[in-house]
Amino acid sequence: MGETARADRPSQRMPASTQFSLDGLVMTPATYDRAALASLPQSTLTAGGVTYTGVSLWTLLSKASLITHPEIKNDILREAVIATANDGYKVIISLGEIDPDFGNQPCLIASQQNGADFVSGGFARLVFPNDVKKGHWVVNLTSLKISEIP
C-alpha cells in the first residue's frame, strides 16, 4: 500500500494519541494535549479541499526556543524535526524547509478538520499540504524531536 493510503488512514492497532512531546534541541521542552494546543495561535491550511486548523509547526518550534549555533552560518539548515506516530511511523523534516527565511513551506500541527475535532487518528496530526503523496503527514502524533543532521 502506498504512502498516501498510510497517511490518510489512522492506525487501527494502537489507541488514539492524546498528547505529544516536543524535545531535543529546544530550550523549553513541553508536552501538548488538545487544550494546550488550542491555547496557542491557530492557523488554517487547505489541502485537497479539506480545511485543517491548528498550530503552525514553525510557531510551535519558535515558542520552544530552538537551540542553534549563531556562529555557524545558516545553522538552522543543519537541524531537523523527527515527527513520530503512535505506531512508530516517522518522518524527518529539515527545519530549512519550514523556516520562513528559507523554504517557508507551510506545515501545521492540525487538531481540526473542516471545523471539527478529529474523531479518529488521535487529537493531532502533522499536515504538510505541499507533499503530493502525503508521506510527510503523521496521524496519531506522539512526539516531535529536534536534532542536528549528522
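The values are calculated or read from the model by the stated rules, or taken from the named source; none is laboratory data. Computed from a predicted model, the values in this text were never measured in an experiment. Because the Cβ atoms are built from the backbone with ideal geometry, glycine has one as well, and the counts that use them run over all protein chains shown.
Scanning region 47-104 for residues that are touching a Cys at 6+ places or on another chain (Cβ under 8 Å) and part of a loop (DSSP other than H, G, I, E, B) yields a count of 0.
Applying the set (1) within 16 Å of the chain's Cα centre (by Cα); (2) among the aromatic types (Phe, Trp, Tyr); (3) within 21 Å of Glu148 (Cα to Cα) to Phe118 leaves exactly one unmet item: (3). Only one of the numbered conditions (1) at pLDDT below 95; (2) more than 14 Å from the chain's Cα centre (by Cα); (3) surrounded by 12 or more Cβ atoms within 10 Å (Cβ to Cβ) is not met by Pro15, and that is (3).
So is Ser143 more than 14 Å from Thr46 (Cα to Cα), assigned to a strand (DSSP E or B) and not aromatic (Phe, Trp, Tyr) or not?
yes
Considered as a group, the residues in region 22-46 that are in a loop (DSSP other than H, G, I, E, B) and of a type in the set (A, V, I, L, M, F, W, C) include one that is surrounded by the most Cβ atoms within 10 Å (Cβ to Cβ), and that residue is Leu25. Check Leu126 against each of (1) within 19 Å of Leu22 (Cβ to Cβ); (2) out of contact with any strand residue (DSSP E or B) (no Cβ under 8 Å at 6 or more places or on another chain); (3) not small (Gly, Ala, Ser) and name the one condition it does not meet. Only one criterion is unmet by Leu126, namely (2).
Answer yes or no as to whether Ala47 is in contact with a strand residue (DSSP E or B) (Cβ under 9 Å, 6 or more places away or on another chain) and at pLDDT 95 or above. Taking the combined requirement at face value, the residue does not satisfy it. Number of residues in region 69-85 that are in contact (Cβ under 8 Å) with a residue 40 or more places away in the chain, within 13 Å of Ser147 (Cα to Cα) and buried (at least 16 other Cβ atoms within 10 Å of the Cβ) equals 5. Contact annotation: residue pairs with Cβ atoms under 6 Å, 6 or more positions apart or on different chains, pairing a residue in region 127-150 that is farther than 23 Å from Tyr32 by Cα with a partner that is surrounded by fewer than 20 Cβ atoms within 10 Å (Cβ to Cβ) and among the β-branched types (Val, Ile, Thr), are Lys133/Thr4; Lys134/Thr4. Filtering region 65-88 to residues that are within 28 Å of Lys134 (Cα to Cα) and among the charged types (D, E, K, R) leaves Asp75, Arg78, Glu79, Asp87.
When Tyr52 is tested against the conditions (1) of a type outside the set (A, V, I, L, M, F, W, C); (2) surrounded by 20 or more Cβ atoms within 10 Å (Cβ to Cβ); (3) in contact with a Gly (Cβ under 8 Å, 6 or more places away or on another chain), the lone failure is (3). Within region 44-92, restricting attention to residues that are over 14 Å from the mean Cα position of the chain (by Cα) and among the small types (Gly, Ala, Ser), the residue that is nearest to Phe123 (Cα to Cα) is Gly88.
Considering only residues that are more than 19 Å from Asn140 (Cα to Cα) and either β-branched (Val, Ile, Thr) or in contact (Cβ under 8 Å) with a residue 60 or more places away in the chain (or both), which ones fall in region 92-121? Those that are more than 19 Å from Asn140 (Cα to Cα) and either β-branched (Val, Ile, Thr) or in contact (Cβ under 8 Å) with a residue 60 or more places away in the chain (or both): Ile98, Pro106.
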